[in-house]
Amino acid sequence: MSGVVSIIGCGFVADLYMRSLKAMDGITVAGVYDKNAARLAEFCDFWKVPSVESMDALLDRHPRDGVVLNLTNPSAHFAVNSACLAAGCHTYSEKPLAMNVDDAKALHAQAQAAGLMLASAPCSVLGEAAQTFGHALRNGVAGIPRAIYAELDDGFVPQAAYKKWISESGAPWPFEDEFRVGCTLEHAGYYLGWLISWFGSVRTVVAASAETIPGKEGAGPFAPDLSVATLFFDNGPMTRLTCSIVAPHDHQIRIIGDDGVLACKAAWDNSAKVTFAKRMTIRRRLMESPFPKTIKLGQPTHPKVKRWGAAAMNFMLGPSEMLDAIRTGRPSRLSNDFALHMTEVTLAMQNAGETSGAQAMTTRCDPMEPMPWAQ
């Protein structure tokens, strides 16, 4: 792998990208910009990467066969993504792509018109756990999938010691922004990305969301801290996905098939085990095997990153995929359609409230081609 990236935004998440970049041979950083000069200097000094005095200057010097990483706060995503595309740069955005569907559609149209790639985090869909799960599905390990239960619950976060969560280069966890943006926009993509990659488009979202913990620290208004969605795919099983910063930590996904249950317990670990528990009848009792089989791929996968904080994920898998697609002249697995559709579904969950009922999705995307080592 090889290529060049430029970085806009030096906050908490940017350190996770830099840790991941160190595991990826051949990818270099052309320049870094942040509107906070002190934070920019601190970040660039820590990681030994070149700083740039303005966003315009960064975009001017950015190689057009590279990828710009937009790691700014979510409220700035639309404007920064649009500026990157206007400058003729392939763009990889931290989640969400934009804060509303109209803005996301405008970015998609802008990228399409310019012939540019526009991708959205998270990229764990390209990781070993997601790809192993997909391989098991395609090979019918559990039989025909009939239902999916997925959880992205992170514990009662407003009572956590989040002011002690400091990144490697010294950036604090942006708790106020996180509470305003909400856990659904921040986290739903971790399993939505997997699901859409396997089954393609979500046809209908039936969801509810609410702020269940009032009085969070910081200036509101705050987003819902709990959402529960039922997803109906064009070509997939009925799925229930829950996001919260209320319920005890649970990142499990289970696919219930005719022959048993495929499961993974750690969305934020590229190396998490994927297991299959065969269904059986012992005497008169129907049950899944208490000794599930671990599913493994038969060849090397991708560079891994050691756990830091809550995650053991390679955040550079997405930019690396885009760089390889640019270099080889093929479509990226993280397509413009994929980014837009995942954004629309996520926003439907986030904004559902109490009375939205069934929401018909207006965007579509195809299932994702598996990684070569998972085919």
| If one computes the Cα centroid of region 2-30 and of region 63-78, what distance in Å separates the two points? | 12 Å
| query | Zone of Q112 (label point 7 Å along Cα→Cβ, backbone N under 20 Å): which residues in region 66-97? | reply | 78-79, 81-93, 97
| remark: Most fluctuating of F291, F179, F233 in the GNM of the chain (C-alpha, under 10 Å) is F291
| For the Cα atoms of the chain, what angle does the longest principal axis make with the long axis of helix 37-47, in degrees from 0 to 90, nearest 10? | 70 degrees
| request: On a 0 to 90° scale, report how tilted helix 189-199 is relative to the longest principal axis of the chain, with both axes built from alpha carbons and the result rounded to the nearest 10. | output: 60 degrees
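If you wrap the chain's Cα atoms in a convex hull and average its projection over all directions, what's the area in nm²? List each step's numbers first, then the result.
Values: hull surface 74.3 nm².
Mean projected area for the chain: 18.6 nm², to one decimal.
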| Choice from N270, N351, N36 with maximal GNM fluctuation in the chain (Cα, 10 Å cutoff) | N36
| query | Taking the Cα atoms only, what angle lies between the long axis of helix 336-350 and the longest principal axis of the chain, rounded to 10 degrees? | reply | 70 degrees
| said: Cut-off 10 angstrom, C-alpha nodes, Gaussian network model of the chain. Which of A266, A147, A57 fluctuates the most? | reply: A57
| Net lengthening on full extension, A76/T212 (0.36 nm per residue, minus Cα-Cα) | 46.3 nm
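Within region 218-375, what is the number of lysine pairs with alpha carbons under 15 Å apart, leaving out pairs fewer than eight places apart on the same chain? The partial results should precede the final answer.
Numbers: K265/K273; K265/K293; K273/K293; K273/K296; K273/K304; K278/K293.
Lysine pairs, 8 or more places apart or on different chains, close enough: 6.
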| note | So, relative contact order of the chain in percent, Cα under 8 Å, 6 or more apart, is 21 percent
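Determine the relative contact order of region 77-145: mean sequence separation of Cα pairs under 8 Å and six or more apart, normalised by residue count, in whole percent.
On the way: 62 pairs, mean separation 21.0, N = 69.
So the answer I get is 30 percent.
Values in this text are rule-based calculations from the coordinates and carry no lab data. Fair warning: this is a prediction, and the values are worked out from it, not measured in the lab. Cβ coordinates were reconstructed from backbone atoms using ideal geometry, including for glycine residues, and neighbour counts include every protein chain displayed.
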